[in-house]
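Report on one structure; see the data block that follows.
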Amino acid sequence: MIDEVVPRLRENVQKVIVGKIEVIDMALAAILCEGHILFDDVPGIGKTTLARALSISLGATFRRIQFTPDLLPSDVTGINWFNQKEQSFEYRPGPVMSQVVLADEINRATPRTQSALLEAMQERQVTVDGVTRPTPRPFLVLATQNPIELEGTFPLPEAQLDRFLISIKIGYPEKNEEDQILQRFGEQDPLARLEAVTTAEEVITMQEQRKSIRVEQTIRGYILDIARSTRENSEIELGASPRATLALYQTSQAWAALQSRDYVLPDDVKKMAPHVLTHRLIVAPQAQLRGRESAALLDDIIGEIPVPVEA
């Protein structure tokens, strides 16, 4: 199933997104894990366009939430309203009750509104006025944020960052790729012609198949060594949580599946570790003063840990 559907998804998204094959594959790996994605990059790169192309390709229900400082938690989760005709309260679902939710510029909302997503992202359920309702499956939150603007933004708390399976930077296109963008979008928006190439049922089936990818004890030990080293490093104030360790395990399985393998290699772990762990690490103040960043510290940690080899 994965070998059949993933190429269709990749090809369909590339009708809109020029180049960036690795970025698309990273997003597909997160989808195989039913994990949430944080697109953290400068404006105009194509974060929202990529999120929209993914949702259309999946054939999933889609809602977009434009996060602003005046957005309320009820604008995300929904409300109970009084139906005068029926003389009873009825639940009006919020946009979070969709299969794919785009949280655009998530760091522009207040912490109270940001926290409205926490329960849905982790437990895949929403509680309104004491009544808990499950979110539909598959359930994916695709969030975007601009890392360079500080005015009018609220940094995401560590608890919420930890719930994003991976963080992706799209980056600027090459010159020839940007020329293709001018040609492709100069005539007509390709998003308007994009169609679904799979179904929610097929996505759920692929997510179950991903769990069967074999991870040997040596690879599991390698994952544990990386995670534990982030907690023991003196330059890191907050290391990887057990949730992060599990995320690295799952995404390594997904990356192996994307390479048409039924087993995980150390290279799969090394490939996914920066995207899974970097946004979860908090650098110690003394290290920040020396210009150290979480990405560089993680590279040093991975470089020091012996890579398991086949006996």
Segments 140-146, 231-237 sorted - mean Cβ within 10 Å per residue, highest first: 140-146, 231-237
Per-residue [θ]222 nm for the chain (sum of -39500 (n - 2.57) over DSSP H runs n ≥ 4, rounded to 500): -13000 deg cm²/dmol
Antiparallel DSSP beta bridges within the chain, percent to nearest 5: 40
Cross-link reach list, lysines versus Lys169, counting only Cα pairs under 29 Å and skipping chain neighbours closer than eight places: Lys15, Lys20, Lys47, Lys211, Lys270, Lys271
Alpha-carbon centroids, the stretch 1-47 and the stretch 67-145: separation in whole Å: 24
q = 0.11, 0.17 Å⁻¹: log10 I(q)/I(0) that the Debye formula gives for the stretch 28-176, counting C-alpha atoms only: -0.43, -0.96
When the stretch 118-212 is reduced to its Cα atoms, the Kirkwood hydrodynamic radius in Å: 17.8
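Can you pull out the trypsin sites (Lys or Arg not before Pro) in the stretch 80-160 whose DSSP state is coil and whose Cβ has at most 12 other Cβ atoms within 10 Å?
Here the trypsin sites (Lys or Arg not before Pro) that fit, given the DSSP loop and packing criteria, are Lys85.
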Percent RCO, i.e. relative contact order, over the stretch 2-206, from Cα pairs under 8 Å lying at least 6 residues apart: 32
The chain: angle of helix 266-277 to the longest principal axis, Cα-based, in degrees nearest 10: 50
Proxy reagent accessibility, fewest Cβ within 10 Å first, across Trp255, Trp81: Trp81, Trp255
Acute angle (nearest 10 degrees) that the helix 217-232 long axis makes with the longest principal axis of the chain, alpha-carbon atoms: 80
DSSP beta bridge pairing in the stretch 100-214, given as percent antiparallel to the nearest 5: 50
Normalised per residue, the volume of the convex hull around the Cα set of the stretch 186-311 (Å³): 166
Karplus 3J(HN,Hα) series, Hz, for the stretch 13-22 with 6.51 cos²θ - 1.76 cosθ + 1.60 (x for Gly, Pro): 5, 5, 5, 10, 8, 7, x, 6, 4, 5
Pairwise label distance in nanometres, Arg231 with Thr132, each label 7 Å out on the Cα-Cβ vector: 2.6
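Ranking request for peptides 16-27, 168-179: highest mean number of other beta-carbon atoms within 10 Å first, then the rest in descending order.
Peptide ranking by packing, descending: 16-27, 168-179.
Every number in this text was worked out from the coordinates using simple rules, so none of it is lab data. What you see is a predicted model, and the numbers here were worked out from it, not measured in a lab. Using ideal geometry, Cβ is built from the backbone for each residue, glycine included, and neighbour counts are taken over all protein chains shown.
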